[in-house]
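First up is the structure itself, then whatever we jot down about it.
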Ligand code: ADP
């Protein structure tokens, strides 16, 4: 790192009560030669020692003892001046955190306009860091609550299911609750994954021909049922779309578009007790305008500015009342912008809200072949075929066994990579290998390579748990013929298996 380029840049370190580094900005990671994640949890002394950064540990100790809250001091070293500011952040007394700002510059430490500017910059950086830390803590607390609530229901109702005196009616009611709570948990995991993919710039859009009238009809059916399931009988759900069916096909990423409208409709249902929820679309020149409006609680004008920021709901008491993780609108905004559109809202407290977004109108072709429709499970018959299931989690293996039993397929099980290798290279012949890529004794991708090296003709379907784009590509590169994400979409699994087993 050349010294000159560090002049006037502020290195910012966030330090915890044990004096370990918890976070840093780009300037600091450049100065200490390493990406922030590698420098994480390193003791502050170790980090600064060996770099040419001065650090006054007496002052940190003095902050730690609670005698002082803030220090500013300057050092001169090898013709350079270092301005440092050490401050204790707001937060719990038993878990203190400190911000350490270090600025290197040439010249004298005396006050000047430039120095004042830099001081202001230091204060701004500190406030930003404090705000980020506060939001992160609030997010984690809320997330923990959001995850524990469905988990409690799942654990509680699963225990009730083991009561021998339970009636058939109670069994179906409890399993319905367990399934719905599991879906809720899955939604949280998906939102977190989406946010990290957005952050890592890893979202790839897959544009296909989409008939918007069909999509809106589908959404209407789903949400009409949801309104009934949630016993919101005083809500009238309407969909508005062009009468004619021609010209409504556009090229767009259907899954992401569904997700955006779905998020907005979920919120509309959540925040509306009675009245009307309407959603629809219309074409305006070279754009499609899509909207979701409700007569719910509405949003105060001063909140409109940051409602699309992640965790924006965290401070409101509404969280406790309605739940939510505060990521939905941030995901919507990121997807809309990635698709080349804009999103905004119009809302008044007590009157309701309308969320609107535009997308570019890229015309698609009207008559596309219908997507392959999932068949009923009982229609698959793979009698005479044999699958090797490689899965270290015994309950997942058991579930797969119960599921595939219906198709009369024969199954062999391996719980580790070495067991799998032994079985695969033994005297049984398999028509397919279905394998988890996370195994205790060996990376599943290596195992796939070994299988293919031994016998190329046996198809392999990999199961990935991370649902990250990169994982799927790695599976194919390792020689797998296809992949499927966990938790399994059952009809998807059957269609994929059938592709290889029906021949
Ligand atoms: P959440 O999971 O909390 O709903 P979102 O990002 O989807 O997260 O929404 C953020 C916040 O915006 C909500 O917590 C709520 O305060 C407000 N909000 C979103 N949609 C509506 C709506 N239709 N009516 C009233 N408030 C809304």
One would report the antiparallel percent of DSSP beta bridges in region 188-317, rounded to the nearest 5, as 65 percent
By the mean-Cβ-within-10 Å protection proxy, highest first, 482-494, 290-302, 194-206 rank as 290-302, 482-494, 194-206
Classified through the alpha carbon gyration tensor (a ≥ b ≥ c as square roots of its eigenvalues; rounded if a/c is under 1.5, else prolate when a/b is larger than b/c, else oblate), region 170-316 comes out rounded
Percent of all Cα-Cα pairs per 10 Å bin for region 372-445, counting from 0 up to the last occupied bin, reads 19, 46, 28, 7
With R₀ set to 45 angstrom, the calculated FRET efficiency between the beta-carbons of residue 158 and residue 203, to the nearest 0.05, is 0.80
Where a ≥ b ≥ c are root eigenvalues of the Cα gyration tensor, a/c under 1.5 meaning rounded, otherwise prolate if a/b exceeds b/c and oblate otherwise, region 451-503 counts as oblate
Region 242-299, Kirkwood Rh and Cα Rg, ratio Rg/Rh at 1.03
Length-normalised contact order of region 399-503, Cα under 8 Å, at least 6 apart, in percent, tallies to 22 percent
Expected sort for 237, 86 with the fewest Cβ neighbours (10 Å cutoff) up front is 237, 86
Here the convex hull volume per residue of region 150-257, taken over Cα atoms and given in Å³, is 163 Å³
With bins of 5 Å, the percent of all Cα-Cα pairs of region 377-500 per bin from 0 is 2, 11, 24, 27, 21, 12, 3, 0
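Each reported figure results from applying straightforward, stated rules to the coordinates on display, with no laboratory input. From a predicted model like this one, the values you see are computed outputs, not experimental measurements. Ideal geometry is used to build each Cβ from the backbone, glycine not excepted, and the neighbour counts take in all protein chains shown.
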